[in-house]
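Engineer: Here you go, one structure.
The values are calculated or read from the model by the stated rules, or taken from the named source; none is laboratory data. It should be emphasised that the depicted structure is a prediction, and the values quoted were computed from it without experimental measurement. When we count neighbours, we look across all protein chains shown, and the Cβ atoms used for this are built from the backbone with ideal geometry, even at glycine. Heavy atoms of the whole protein, side chains included, go into the accessibility calculation; ligands, DNA and RNA do not. Shrake-Rupley method; radii C 1.70, N 1.55, O 1.52, S 1.80 Å.
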Amino acid sequence: MANKRLLGVSVTALALLLAACGSGNSASKGTQDKALKVTSSQPIATADPTKATDLNSQAAIAQIYEGLYTTSKTGKVIPGVATKVVKPTNGGKTYTFTLRKDAKWSNGKQVTAQDFVYSLQRQVDPKTKSQEAGHVEEIANATAINNGKKAVSTLGAKALSKTKLQITLAQKTPYFNYRLATELYPLNKQFVEKYGDKYGSSAAKTLSNGPFNLKGWTGSNETWSYVKNSKYYNAKSVRLKTVKVQTVKDNNTAQNLFASNSVQVTTVTGTQVQADQSGKLKKNLVLTKQNRMAFLVWNSKRKATANTALRQAVSYAINRQTLVKNVLKDGSVPAKSMVTQGDFTNPTTGKDFNDDTGNLYPYNLKKAKQYWKQAQSQLGTKKVTIELLTADVDVSKAVGEYVQSTAQQNLPGLKVTLKSIPLNNEIATLTKGDFDAGSIGWTSDFKDPIDFLNKGSITNSINFGKFDNAAYEKLISTIAADKQSAADRYQTMQQAAKLLADKQGVTPLYQSTQANLISTKVGGAKPTLLRDTQYRYVYWK
């Protein structure tokens with residue numbers, strides 16, 4: 001299914017990403033030469049932060065770049081390249097930053113305000129064809145520029161001097177600090193333009209300003225390393241000299257590598273750990289709920305999957321409690337709305353968003369069969385075949401198989417075929433619209449329902465199925481404008497969640513949980529809700 005965020009990644013990428021952060025108070029200070037060995041569920045697709053859409057690429061990017069802000073070992077927003085977390089002026093729309101003078105690129109060049117301006121302009125420029133242009137959509141003129149209606153130079157980002165940067169938003173955005181900490185990074189124009197579209201396609205064509213440099217990645221291989229960046233302004237706080245990463249798609253292989261101490265941090269499924277009769281691995285298991293929703297997308301351009309009744313039938317036929325309990329077995333949470341648990345609370349009562357929506361995606365065989373008969377009548381056929389696309393990793397395939405079996409068992413006449421392909425290919429196929437249905441996911445880097453709800457908006461690049469509903473678009477626009485009171489905006493978000501469920505614009509399945517095996521010899525490996533691995537906080541005990 002996937003800050004950051006896929007994006008959307010495949011079902012597996014949602015559940016399979018390492019996480020590590022924490023404090024090194026008990027260990028000796030200074031660089032530790034012994035390499036930490038870890039796994040990734042998928043290879044890197046790109047090291048270009050303006051183009052990365054999958055979680056694995058975004059996890060790598062978070063190691064080698066640093067934005068104006070970053071996050072602490074507990075997930076709190078803290079200063080990065082900026083000297084402090086600033087308070088916006090102009091009604092919450094204008095941010096003025098002072099940059100650290102000692103912030104440098106790995107080639108020794110200073111990180112400047114213009115590096116941020118260039119990166120933001122490049123991301124919003126339609127010529128870049130970034131699927132993550134949404135990361136800058138709150139900045140003034142970003143949408144018009146991305147739609148080709150205004151010049152790139154009109155973006156609300158200005159370098160007032162070498163170390164003074166000003167960003168102006170279209171309207172006040174309560175979650176913009178998270179954008180600055182986890183999604184927006186600088187780029188060195190001279191280095192990027194040297195390689196053009198090939199920038200970030202290999203380690204040699206990537207320039208870092210973060211705690212680590214990327215090494216050994218050719219663009220197609222499945223192993224690479226993060227090597228401590230000596231030019232990083234806070235290099236003395238980075239304990240590990242080298243982190244070696246290998247791609248392991250099979251979870252049994254990952255478990256065996258961990259058991260033999262060939263890797264010290266890996267991701268497995270809850271099923272594996274529960275099946276460990278010796279119990280030796282349970283002491284190493286760390287389960288962490290993620291701000292990540294796995295869901296199905298339906299191609300609205302194809303007759304069968306454009307049918308709302310068919311989508312409703314499949315949704316009601318899925319027992320999400322059984323899915324998380326008997327298939328995932330890792331503490332994942334059945335979806336009640338498109339918004340994850342813990343993402344947002346009622347500003348008046350403090351109740352979780354999903355407590356107020358109620359369960360919008362219940363298991364109800366009676367309704368499933370009713371909607372299926374309606375779909376058959378509307379489609380003019382008793383038999384329908386749809387293909388479900390998943391990533392080619394264990395969790396993705398297992399979830400796909402469950403959806404296939406429960407839909408076929410409960411909806412006679414419906415045939416679901418499965419096609420599992422590498423994650424990069426899945427994203428490419430979904431982007432082209434060459435699919436019936438797909439299992440993907442979204443990881444949000446900030447706490448606000450809009451980041452999940454807008455996956456059903458026709459204006460969002462991750463709306464692969466092209467669901468388009470005028471009433472829903474009006475609600476999303478109202479939420480994004482942020483001109484309502486907090487209480488009214490909350491109620492509008494509630495309405496949007498319920499309308500999305502009624503129309504099955506997308507079909508949420510579960511909020512994923514990371515199941516990490518972490519060696520007891522490794523310190524600082526404590527996952528957080530909003531951020532994946534930050535090896536800058538990890539150390540050998």
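Engineer: I want the antiparallel fraction of DSSP beta bridges within the chain, as a percent rounded to 5.
Structural biologist: Of those bridges, close to 75 percent are antiparallel.
Engineer: Given 5 Å bins starting at zero, what is the percent of C-alpha pairs of the range 248-324 in each, up to the one with the largest pair distance?
Structural biologist: 3, 11, 17, 15, 12, 11, 10, 9, 7, 5, 0
Engineer: Could you work out the local net charge near residue 516, counting Lys and Arg as +1, Asp and Glu as -1, over the other residues with Cβ closer than 11 Å to its Cβ?
Structural biologist: -1
Engineer: With a Cα-only, solvent-free Debye model of the range 55-150, what are the log10 I(q)/I(0) values at q = 0.12, 0.16, 0.17, 0.19 Å⁻¹?
Structural biologist: Result of the Debye calculation: -0.47, -0.86, -0.97, -1.18.
Engineer: What Rg and what Dmax come out for the range 47-110 when only alpha-carbon atoms are used, in angstroms?
Structural biologist: Spelled out, the Cα radius of gyration and Dmax of the range 47-110 are 13.8, 39 Å.
Engineer: Going 7 Å from the Cα of residue 144 along its beta-carbon direction, which residues of the range 478-506 have the amide nitrogen within less than 20 Å of the resulting point?
Structural biologist: Counting only backbone N, you get 478, 480-483.
Engineer: What part of the accessible area of the range 182-297, given as a whole %, is carbon or sulfur when the probe is 1.4 angstrom?
Structural biologist: After summing per-atom areas, the C and S share lands at 45 percent.
Engineer: Tell me, what is the per residue accessible area of the chain in Å², probe radius 1.4 Å?
Structural biologist: I get 38 Å² per residue for this part.
Engineer: Further question on the same structure: What order do you get for 94-103, 374-383, 505-514, 522-531 when each peptide is scored by the mean count of other beta carbon atoms within 10 Å, highest first?
Structural biologist: 505-514, 522-531, 94-103, 374-383
Engineer: I would also like to ask the following. Within the set of other residues whose C-beta is less than 12 Å from the C-beta of residue 83, count the net charge using Lys and Arg as +1 and Asp and Glu as -1.
Structural biologist: Neighbour charge sum, excluding residue 83 itself: +3.
Engineer: Now, a different point. Rounded to the nearest percent, how much of the accessible area of the range 369-409 (1.4 Å probe, protein heavy atoms only) is carbon and sulfur?
Structural biologist: 43
Engineer: For the peptides 53-65, 355-367, what is the packing order when you average, over each peptide's residues, the other Cβ atoms within 10 Å and list the highest mean first?
Structural biologist: The peptides rank, most packed first, as 53-65, 355-367.
Engineer: Still on this model: Applying a 10 Å radius around every beta-carbon, put 461-472, 391-402 in order of their mean neighbour count, most first.
Structural biologist: 391-402, 461-472
Engineer: Which value in nm describes the separation of the simple spin-label points at residue 288 and residue 175, placed 7 Å from the Cα toward the beta carbon?
Structural biologist: 1.9
Engineer: Can you tell me, using C-alpha contacts under 8 Å and at least 6 residues apart, the relative contact order of the range 326-427 as a whole percent?
Structural biologist: Computed value for the range 326-427: 24 percent relative contact order.
Engineer: While we're looking at this one, here's another question. Treat every Asp and Glu Cβ in the range 313-375 as -1 and every Lys and Arg Cβ as +1, leave all other atoms uncharged, and give the resulting dipole magnitude about the Cα centre to the nearest 20 debye.
Structural biologist: I would put it at about 500 debye.
Engineer: For the chain, what does the equivalent ellipsoid look like in terms of its semi-axes, each the square root of 5 times an eigenvalue of the Cα gyration tensor, given largest first in whole Å?
Structural biologist: 36, 29, 21
Engineer: Follow-up question, since we're still on this one. Ignoring ligands, DNA and RNA, what percent of the 1.4 Å accessible area of the range 83-168 is carbon and sulfur?
Structural biologist: In the range 83-168, the share of accessible area belonging to carbon and sulfur is 48 percent.
Engineer: Taking just the alpha carbons, could you work out the radius of gyration and Dmax for the range 357-512, both in angstroms?
Structural biologist: Considering the range 357-512 through its Cα atoms, Rg and Dmax are 16.9, 49 Å.
Engineer: If you don't mind, another one. Under 16 Å Cα-Cα from residue 415, which lysines qualify once same-chain neighbours fewer than 8 residues away are excluded?
Structural biologist: Cα-Cα hits under 16 Å: 303, 369, 373, 382, 383.
Engineer: If you don't mind, another one. According to the square roots a ≥ b ≥ c of the eigenvalues of the Cα gyration tensor, what is the shape class of the range 277-399, taking rounded for a/c under 1.5, prolate for a/b larger than b/c otherwise, and oblate for the remainder?
Structural biologist: Oblate, because a/c is 1.5 or more while a/b does not exceed b/c.
Engineer: For the chain, what does the helix formula give at 222 nm: sum of -39500 (n - 2.57) over DSSP H segments with n ≥ 4, over the residue count, nearest 500 deg cm²/dmol?
Structural biologist: Helix-only estimate at 222 nm: -8000 deg cm²/dmol.
Engineer: Shifting gears a bit: Show me, bin by bin at 10 Å from 0, the whole-percent P(r) of the range 202-305 based on Cα pairs.
Structural biologist: Once binned at 10 Å, the Cα pair distances of the range 202-305 give 12, 27, 29, 23, 9, 1.
Engineer: Still on this structure: Rounded, prolate or oblate: which fits the range 125-277 when a ≥ b ≥ c are the square roots of the eigenvalues of the alpha-carbon gyration tensor, with rounded for a/c under 1.5 and prolate only if a/b beats b/c?
Structural biologist: Note, shape of the range 125-277 comes out prolate.
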